[in-house]
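The structure appears right after this line, and notes come after that.
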Amino acid sequence: MAEFNLHVAIIGAGLGGLAAAIGIAHAGHKVTILEQAPMLGEIGAGIQIPPNSALILKKYGLLEKIESVSVRPSDFIIRSYRDGTVLNKLNMVPYAEKRYGVPYLHIHRADYHKILVDEAHRLGVKMQLGSVVRGIDFDRAIVYIRDKPDFHADLILGADGLKSVCRESLLGHPDPPHLTGDLAYRIVIKADDMKKHPDLRDLAEKPAINYWMGPHGHVVCYLLKGGGLYNIVLICPDNLPEMMNTAKADLQEMRDFFDGWDPKLKTLLGMVQETTKWRLLNSEEMESWSHPSGKFALLGDACHATLPYLAQGAAQAVEDGAVLGALFERIEHKEQIGDVLAIYERLRKDRTTRVVKGSTALRDIFHMVDGPRQQERDRQLSQHEPFEGYPNRWADPVFQPWLFGYNAFQEVENAWKLYKQGTFPGTTGQFKSHL
Ligand SMILES: Cc1cc2nc3c(=O)[nH]c(=O)nc-3n(C[C@H](O)[C@H](O)[C@H](O)COP(=O)(O)OP(=O)(O)OC[C@H]3O[C@@H](n4cnc5c(N)ncnc54)[C@H](O)[C@@H]3O)c2cc1C
């Protein structure tokens, strides 16, 4: 617990804003979330919780609740698009828990969000809903809200997602998210319906995560809700009209793109009754996430939106929240807020940039057209032991521990030691301990 009490305003009640609220409330500070939506909730589809965020949920005492509504994938299976041939298999049960101390999980977003909202409430976090933030006075730490009184705090955190008013206010100019060239169809169907088709039964019964890689697209499928639902994400080139980021999908157009892929996928997509397509956007690395006043910082998609191909966007937002929480647990004076934000940014920015770039690089690996590069990729996946730079990025012996083995709390402990020695880069050095 921190030795004094700050009032922190967090803009956005997404997974990132909630994780930060929980971490900072645990540290003993007062937290208010300002959320534009009149009601809390997440729209429905699946999300993967990798060990790097499962560790944080465990520390917050939430892992058991999360697990009770999750599925543990047995393996990561990468298949060829043509006939579903398994090119590579990476074990997750028992591997993830043995190696990282926590499982890899799949959960419905609505369940994940609700567990975090309930915990934030339990810790006394206030939620001011229907609060559309339209601007910020960074020097005076005031949030301007549409048709509502201004909100004053000691510190403001902008967790307002991809299309972030907070980011644009900090930059002082419009900064819409960047096109990636891809879109996603997000689909959830009943596993019981799949079990009626003999060729889909194994997918509906075995809790593996299956990837199909093909020219210009890929497919990701996994079970949710104790195996009752099957989550399907289809990725293909973006053909949405310019000003539109989501649209009801034409099922025939969707099926046509994946025609000629594994016949199992054809059967699976034949079962889909309706779906929406979502443009996939990301962001470029910002020069800085915080304001020189030391009263404002960004977190989550607002500063490092990524393609979802490494399944790490929310996990990185949760890591941001955990790092902020652990730092605000250690803070000793209000005058240290600027240093704390400098440490936060130093701990988080390079890592999240690597995840954003790694996700974009995975697009090139997954979406190769047939030819010599694709043949070499498939040969490595099916015949080679994983090596550094391996095409199954989760199996890479260097990248995997860097990605899954991150311990947000340990990072802060190490950084704080350096800070108190007066040697943490980018901090003032005036709060060094004189032992
Ligand atoms: C297809 C797909 C699959 C994905 N799969 C995974 C996965 O498996 N694993 C994973 O870790 N990540 C995944 N992600 C990424 C993940 O969904 C995001 O990275 C994560 O949800 C970002 O959380 P956030 O809290 O930063 O932003 P958001 O979830 O976007 O939350 C922002 C919040 O701010 C509010 N807000 C916005 N503007 C304002 C305003 N002006 N005033 C007040 N409130 C405002 C919004 O209403 C919202 O509640 C996936 C993404 C996609 C598109």
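The values are calculated or read from the model by the stated rules, or taken from the named source; none is laboratory data. Note that the structure is predicted; figures quoted are calculated from it, not measured. FYI the Cβ positions are ideal-geometry reconstructions off the backbone, even for glycines, and counts take in every protein chain you see. All accessible areas refer to the heavy atoms of the entire protein, side chains included, with ligands and DNA or RNA removed. Shrake-Rupley method; radii C 1.70, N 1.55, O 1.52, S 1.80 Å.
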(request) Quick one: net charge around residue 14, please, counting Lys, Arg +1 and Asp, Glu -1 for every other residue with C-beta under 11 Å from its C-beta. (result) -3
(request) Could you please state how large a percent of the accessible area of the chain is carbon and sulfur, counting protein chains only and using a 1.4 Å probe? (result) 51 percent
(message) Placing unit charges on C-beta atoms (Lys and Arg positive, Asp and Glu negative, everything else neutral), compute the dipole magnitude of region 269-368 about its Cα centre in debye, rounded to 20.
(response) 220 debye
(request) Please list, or write none, the lysines whose alpha carbon is within less than 22 Å of the alpha carbon of residue 190, excluding same-chain residues fewer than 8 places away. (result) 114, 206, 225, 248, 264, 266, 277
(request) Using the Kyte-Doolittle scale, find the helices of the chain whose mean hydropathy is at least 0.0 and whose Cα atoms extend 18 Å or more along the helix's long axis, counting only whole DSSP H runs. (result) 313-330
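What does the net charge come to around residue 376 if you take all other residues with beta carbon closer than 14 Å to its beta carbon, with K and R at +1 and D and E at -1?
0
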(request) Using only protein heavy atoms and a 1.4 Å probe, report how much of residue 95 is accessible, in Å² to the nearest 10. (result) 70 Å²
(message) Given the options 130, 426, 84, identify the residue whose Cα lies farthest towards the positive end of the charge dipole of the chain (+1 on Cβ of Lys, Arg; -1 on Cβ of Asp, Glu).
(response) 84
(request) With a 1.4 Å probe and all protein chains in place, put 243, 127 in order of accessible area, largest first. (result) 243, 127
(request) Give me the compactness ratio for the chain, meaning the Cα radius of gyration over 2.2 N^0.38 Å. (result) 1.00
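Hey, what's the Cα Rg ratio for region 324-435 versus the globular rule of thumb, 2.2 N^0.38 Å?
1.52
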(message) I need the shape label for region 114-180. Rule: rounded when a/c is under 1.5, else prolate if a/b > b/c, else oblate, with a, b, c from the alpha carbon gyration tensor.
(response) oblate
(request) Any aspartates and glutamates with Cα under 18 Å of the residue 30 Cα? List them, leaving off those in the same chain fewer than 8 positions away. (result) 3, 118, 119, 150, 154, 329, 332, 335
(message) Along the charge dipole of the chain, pointing to its positive end and built from +1/-1 on Cβ of Lys, Arg, Asp and Glu, which listed residue (179, 210, 102) has its Cα farthest out?
(response) 102
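Please get the size of the charge dipole for the chain, origin at its Cα centre, with Cβ charges of +1 on Lys and Arg and -1 on Asp and Glu, quoted in debye to the nearest 20. Before the final figure, lay out each step's value.
On the way: 50 positive and 54 negative charges, 141 e Å.
Around 680 debye, computed over the chain.
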(request) At 1.4 Å probe size, with every protein chain present, just tell me what the per residue accessible area of the chain comes to in Å². (result) 42 Å²
